[in-house]
Amino acid sequence: MRPALPILAARALGAAAALLALAGPAAPARAAYPERPITLIVPFAAGGPTDVVSRIVAEHMSRTLGQQIVVENVAGAGGTTGILRGAQSPPDGYTIMMGHMGTHGAAPAVYPDLKYDPVKDFEPIGLAAGTPIVIVARKDFPAKDLKEFVAYVKANSEKLNEAHAGPGSVSFTTCAFLNSLLGAKPTRVAYRGTGPALNDLVAGQVDYMCDQIVNLVPQVQAGTIRAYAVALPQRSPALPDVPTTKEGGLPEYQVSAWNAMFAPKGTPPAVTRRLNEALLAALEDPATSKRLTDLGGDLSNKEARTPAGLRKLVESEVARWKKVLADGGAAK
Amino acid sequence: MGLLLENLALGFSVAFSMQNLGLALVGCLVGTLVGVLPGVGPIATITMLLPITFGLEPTGAIIMLAGIYYGAQYGGSTTAILVNIPGEVTAVVTTLDGHQMARQGRAGVALGIAAIGSFAAGTFATLVVAALAVPLTRLALRFGAAEYFSLMVAGLAFAVVLARGSIVKAIAMILTGILLSTVGTDLETGVERMTLGFAPLSDGLDFAVLAMGLFGFAEVLRNLDASQHRDAVDRPIGRLLPSRADLARSAGPIARGTLVGAFLGILPGNGAVLGPFASYALEKRLARDPGRFGHGAIEGVAGPESANNAGAQTSFVPLLSLGIPPNAVMALMVGAMTIHGIVPGPLVMTRNAPLFWGVIASMWIGNLMLLVINLPLVGLWVRLLTVPYRLMFPAILLFSSIGIYSVNNSAADVLMAAGLGVAGWALAKLDFEPAPLLLGYVLGRLMEENLRRALALARGSLGTFVQRPISAGLILVAAIVLAAALLPGVRRRRDEVFTAD
């Protein structure tokens, strides 16, 4: 009753259907993006400021895109290991990365044989959030405001100890910038990470440091360290009592540890546009933006949220850090 | 005292909610199961499982993550005993006598005493954290770079005592470990050292890679080596739980290990890694017949396992009272708390009292759950040893590779571990112990960094190490330990020369 033929026919049909299924979406592929989970490479360890920003933003973007964005932490060499891996991934929109001030700004100046070009090797998606830099000192530092701090550091810098989290870290580069503005030459003491550095600042073993606000808020609020200024055009809601560098008389000190999304070079424009829309939706969502600002995140730079704006930011940052880190402060 | 009881009551009222009890249980269970995979330590486990806590309210999430942490830590000891693979630094010491016990058919007893010691230590450490968190933090803040360097010197003096056989070989391995710790980017100048231009080495060798290679892969090679006996179990399984005599023998080591571990755990900069080593060294010195150590002495499991757990708990002190994470696991906990909208800091204790005391109370509950989960599991784990080795070793290799890969998401790490495995096998053939090498590796990096930091802060004056009282005291301890260890050691080595085959 059941000859072989219909079975073969059915198989052929099945095979044809399978082929169609494979070939079918080829034409409307872009419209269908994303059709599987997207990997977001975060080039730092889980739990750090960039990781926290990435996870908060990725959570909302996953909802917009209808596909999970999976955070993959690839730490190492100041974030450049993860970014290099991202840059070498297929440019299909399924591997993107969270770059930041270090990997896409200071890295070319810090690592002479960097294997990627922050401008040429990426398709910018958009700026996520910055974390403002705050100048802090041990709680009994002999200066009551930023003016006195500046005067004291200028006069005594060779006697002072400045703590940082190692060459290439945010605290290292941003304080190198401060030192070069002040013409200061303190002893720069390296720690493995911000935590141990902060520990010695609270204990009074070192004199001052510069770091991202999210790491410092609880200590400043509790009065275990002293904050002199936040390097932003306007005050941060996370520490509303701390004046800006502009108010304090050091307006040239403007610096933010920004975090921004990039795709590998060659990713189709339709894909980066889709990702940019999802990013904007996340940043404009009241709940998500509140979570970010509660942590001290800075969402004020709206120009760099577009791919073109971000490209400009990267270009200016690379140029800036090349100058700052050549001027002095580099760990030579 | 009344205030403490009041606070603990608040904590237990939070932790005893049905939901939080359930989360503590799930955390401990999942942590144990994942942590028991060779190579997957607490950091990898928490990173992998972090996203599943996103939907929870903060207190519950922290309780669950803390459970995962203890569970993973405990799981690491299980693999150390059963298959001679330490899940993380603090389990290295457990391989020395714990695995020897397993080879003698006493794996169940070793696992049992580890669970019981951990529970006793956890109970005590919970009380320490609850009662003394604030004053202890003040003490820990006095530990600067100079003190830290001196503590590491004392730690290296302990390391000599770890040696099972020749002291000269142990010293050689410690020095090799220190040398390996200098591979990678120099912290102060950013210059790469001894990386041979090989990019994956630019951040140095990862501890997991070194430990998996020298212990895990090398152990498999050694077991497949036809000229030697298969290691795991070639004797009957024996009793599953410690006898009364075992418990009596372990009581002292558990108490001492708890005190040593609890103290070192509070120190910033990962002082907890020294706990088990210090406890082992202490027990070996106190023992009437130190010769049993390294050949399955139960004291060598009970003491370090207690120290390990006490340290795991008290390392929450700087995090909860100061907001400053003392090690990588705690840094991850900070991130987890931040994602849940709580930024840990000096004010958490007053502003977020239910969370603070709830987490402390859940520490004890977590420890109780670990005991409840693990004692019945002992039988299961021990039965694993009866699986034929031809089935077991591919599984060990597979899971080890997954574990190493998961640390940095790096395939190069897996290949390096394989290479180190061959090196570890060769070293074992020549009777060199890998444990002192790992200790040298861990302490070497801390030692170098703190030495340079202390000298930078003192503007190059070596006097800083003896002028600061805590530092001077530690140097003195190191000198005494070393003298005491070396003198009989020289004698013992002479004996061995004559008994060697």
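The values are calculated or read from the model by the stated rules, or taken from the named source; none is laboratory data. Everything numeric in this text was worked out from a predicted model, so none of it was measured. Backbone-built Cβ (ideal geometry, glycine too); neighbour counts: all protein chains shown.
For A:ASP113, indicate whether it is under 19 Å from the mean Cα position of the chain (by Cα) and free of Cβ contacts under 8 Å to residues at least 24 places away in the same chain. Considered against the rule, which asks whether it is under 19 Å from the mean Cα position of the chain (by Cα) and free of Cβ contacts under 8 Å to residues at least 24 places away in the same chain, A:ASP113 comes out as no. Taking the condition under 15 Å from B:LEU446 (Cα atoms), without any contact (Cβ under 8 Å) to a residue 40 or more places away in the chain and within 14 Å of chain A (Cβ to nearest Cβ), does B:THR185 pass? Here the answer is yes, as B:THR185 does meet what is asked. You will find that of A:THR267, A:THR272, the residue that is part of a helix (DSSP H, G or I) and either touching a Pro at 6+ places or on another chain (Cβ under 6 Å) or among the hydroxyl-bearing types (Ser, Thr, Tyr) (or both) is A:THR272 and no other. Residues in the range B:165-188 that are in contact with a strand residue (DSSP E or B) (Cβ under 8 Å, 6 or more places away or on another chain), at pLDDT 90 or above and either within 17 Å of B:ALA417 (Cα to Cα) or crowded, with 18+ Cβ neighbours inside 10 Å (or both): B:VAL183 only. Which of the following residues is more than 14 Å from chain A (Cβ to nearest Cβ) and crowded, with 21+ Cβ neighbours inside 10 Å: B:LEU370, B:LEU377? Sole residue among the options that is more than 14 Å from chain A (Cβ to nearest Cβ) and crowded, with 21+ Cβ neighbours inside 10 Å: B:LEU370.
Scan the range A:249-256 and tell me whether some residue there is assigned to a helix (DSSP H, G or I) and away from chain B (no Cβ under 14 Å). Scanning the range A:249-256 turns up no residue that is assigned to a helix (DSSP H, G or I) and away from chain B (no Cβ under 14 Å). Looking at the range A:166-178, can you tell me whether even one residue there is within 18 Å of A:ILE225 (Cα to Cα), in the same structural domain as A:GLN221 (by TED's automatic domain parsing) and in contact with a Gly (Cβ under 7 Å, 6 or more places away or on another chain)? No, every residue in the range A:166-178 fails to be within 18 Å of A:ILE225 (Cα to Cα), in the same structural domain as A:GLN221 (by TED's automatic domain parsing) and in contact with a Gly (Cβ under 7 Å, 6 or more places away or on another chain).
Restricted to the range A:108-132, and to residues that are within 14 Å of another protein chain (Cβ to nearest Cβ) and under 19 Å from A:ARG85 (Cβ atoms), which residue is surrounded by the most Cβ atoms within 10 Å (Cβ to Cβ)?
A:VAL110
Among the residues making up the range A:296-332, those that are under 30 Å from A:ALA184 (Cβ atoms), outside any helix (DSSP H, G or I) and not basic (Lys, Arg) are A:GLY296, A:GLY297, A:ASP298, A:SER300, A:ASN301, A:GLY328, A:GLY329, A:ALA330, A:ALA331.
Scanning the range A:138-159 for residues that are within 14 Å of another protein chain (Cβ to nearest Cβ) and crowded, with 18+ Cβ neighbours inside 10 Å turns up just one, A:ARG138. Has the range A:76-96 got at least one residue that is crowded, with 24+ Cβ neighbours inside 10 Å, touching a helix residue (DSSP H, G or I) at 6+ places or on another chain (Cβ under 9 Å) and assigned to a strand (DSSP E or B)? Yes, the range A:76-96 contains a residue that is crowded, with 24+ Cβ neighbours inside 10 Å, touching a helix residue (DSSP H, G or I) at 6+ places or on another chain (Cβ under 9 Å) and assigned to a strand (DSSP E or B).
Matching residues to (1) modelled with pLDDT under 90; (2) within 14 Å of chain A (Cβ to nearest Cβ); (3) crowded, with 24+ Cβ neighbours inside 10 Å:
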| site | (1), (2), (3) |
| --- | --- |
| B:GLY55 | yes, yes, no |
| B:ILE62 | yes, yes, yes |
| B:ALA66 | yes, no, yes |
| B:GLN73 | yes, no, yes |
| B:GLU88 | yes, no, yes |
| B:GLY98 | no, no, yes |
| B:GLN104 | yes, no, no |
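Of all residues being surrounded by fewer than 20 Cβ atoms within 10 Å (Cβ to Cβ) and either of a type outside the set (A, V, I, L, M, F, W, C) or within 14 Å of chain A (Cβ to nearest Cβ) (or both) in the range B:247-281, which is nearest to A:ASN199 (Cα to Cα)? Just the residue, please. The extreme case among them is B:GLY252.
Residues that are within 14 Å of another protein chain (Cβ to nearest Cβ) and surrounded by 22 or more Cβ atoms within 10 Å (Cβ to Cβ) within the range B:414-441 are absent altogether.
Take the range B:120-140 and flag every residue that is of a type in the set (A, V, I, L, M) and in contact with a helix residue (DSSP H, G or I) (Cβ under 7 Å, 6 or more places away or on another chain).
Hits for the range B:120-140 are B:ALA120, B:ALA121, B:ALA125, B:VAL128, B:VAL129, B:ALA130, B:ALA131, B:ALA133, B:VAL134, B:LEU136, B:ALA140.
Considering the range A:184-199, the residues that are among the basic types (Lys, Arg) and at the interface with another protein chain (Cβ under 10 Å from one of its Cβ atoms) include one that is farthest from the chain's Cα centre (by Cα), namely A:ARG188.
Does A:ARG85 fit the bill of being facing chain B (nearest Cβ under 8 Å), within 25 Å of B:ASP413 (Cβ to Cβ), out of contact with any Ser or Thr (no Cβ under 8 Å at 6 or more places or on another chain) and at pLDDT 90 or above? Answer is no for this residue.
Yes/no matrix, rows are residues, columns are (1) in the same structural domain as A:CYS210 (by TED's automatic domain parsing); (2) acidic (Asp, Glu); (3) crowded, with 22+ Cβ neighbours inside 10 Å; (4) out of contact with any Leu (no Cβ under 9 Å at 6 or more places or on another chain):
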| position | (1), (2), (3), (4) |
| --- | --- |
| A:ARG235 | yes, no, no, yes |
| A:THR244 | yes, no, no, no |
| A:PRO268 | no, no, no, yes |
| A:ARG273 | no, no, no, yes |
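Among the candidates B:ALA262, B:ALA272, B:ALA251, the residue that is among the aliphatic types (A, V, I, L, M), at pLDDT 75 or above and touching a Gly at 6+ places or on another chain (Cβ under 9 Å) is uniquely B:ALA262.
If you go through the range A:200-214 and pick out every residue that is modelled with pLDDT under 95, more than 8 Å from chain B (Cβ to nearest Cβ) and touching a Leu at 6+ places or on another chain (Cβ under 9 Å), you end up with 3. Selection of the range B:1-23 for residues being without any contact (Cβ under 8 Å) to a residue 24 or more places away in the chain and under 15 Å from B:ALA66 (Cβ atoms) yields only B:GLY22. A count restricted to the range B:317-367 and to residues that are touching a residue at least 24 places away in the same chain (Cβ under 8 Å) and more than 8 Å from chain A (Cβ to nearest Cβ) stands at 25. Scanning the range B:429-470 for residues that are part of a helix (DSSP H, G or I) and under 24 Å from B:SER166 (Cα atoms) turns up B:LYS429, B:PRO434, B:ALA435, B:PRO436, B:LEU437, B:LEU438, B:LEU439, B:GLY440, B:TYR441, B:VAL442, B:LEU443, B:GLY444.
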